[in-house]
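The structure appears below as structure tokens.
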Amino acid sequence: MEIHEPFCCRMLKDKDVVDSSSRKIGRIGDFAFLFDGELKFSHFMMTGSRWEELLEALNLKPDHDPVFDSTLIKKVDAHIHLNTTANKLMTAEDRPLVSEDEIRFSELETLDIIDKDNVKVGRAIDVDFDVDGRVSIIAGGGFIEEKLEAIGLKEDVDIIVPSDVITSIENTIRLSVSKDELDTTLDGVLRERAMEIRKEREAAKHHGKSTRERVYAFWPYSSK
């Protein structure tokens, strides 16, 4: 999909979905992901009266959440633009279902993050999508929040955990690194960028804008 700046999944919730004829057909209600060593978008789920009205007009009764494959997204800006029309999307013979292997965003954002020694280091609070297509977990809580508070960077900083240090996502998100390793590398990255983040925050405040800073834990410090 075409995007011009990184975004978080929370930012996409309730965005209008627009088909290829520029018709608003619903809003985003949830997302689904697959993890096979790398976290990837798989499906988007719609909600809202517009979708229901269109289904009624076509004499269709949905027996599951309205779902479309992420490959149908042309671009993301103020809206989510599809590369197909609503009629083609809704009358497809095999409308996709979310499989048991997929992870819903509404479930993912409640999971604890556990290190390789089975120690809780935080929890998932969002999912980050970068302009290069990389999908990562945004972490918060626990010692991560304490680390940000200690350096004075708690507000408007997203700590991003890339897929290459995630070993599994099931009932928890498990990492291939220890809390001590995360602590050491994150401390280094935050102290290195602290002045830059404060300057960018002050500049945004001066211009009456809000800003969120993205800090990769283990990137580019990862072994991969």
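Listing for the model above:
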item: Enumeration of residues in region 6-43 that are buried (at least 20 other Cβ atoms within 10 Å of the Cβ) and on the phi > 0 side of the Ramachandran plot; result: Gly26
item: Filter result for the condition that a residue is loosely packed, with under 14 Cβ neighbours inside 10 Å and of a type outside the set (A, V, I, L, M), over Gly141, Gly122, Gly133; result: Gly133
item: Test: residue in region 175-194 that is buried (at least 18 other Cβ atoms within 10 Å of the Cβ), in contact with an Asp or Glu (Cβ under 9 Å, 6 or more places away or on another chain), modelled with pLDDT of 95 or more and assigned to a strand (DSSP E or B); result: yes
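The values are calculated or read from the model by the stated rules, or taken from the named source; none is laboratory data. Model, not experiment: these values are computed from the prediction. When we count neighbours, we look across all protein chains shown, and the Cβ atoms used for this are built from the backbone with ideal geometry, even at glycine.
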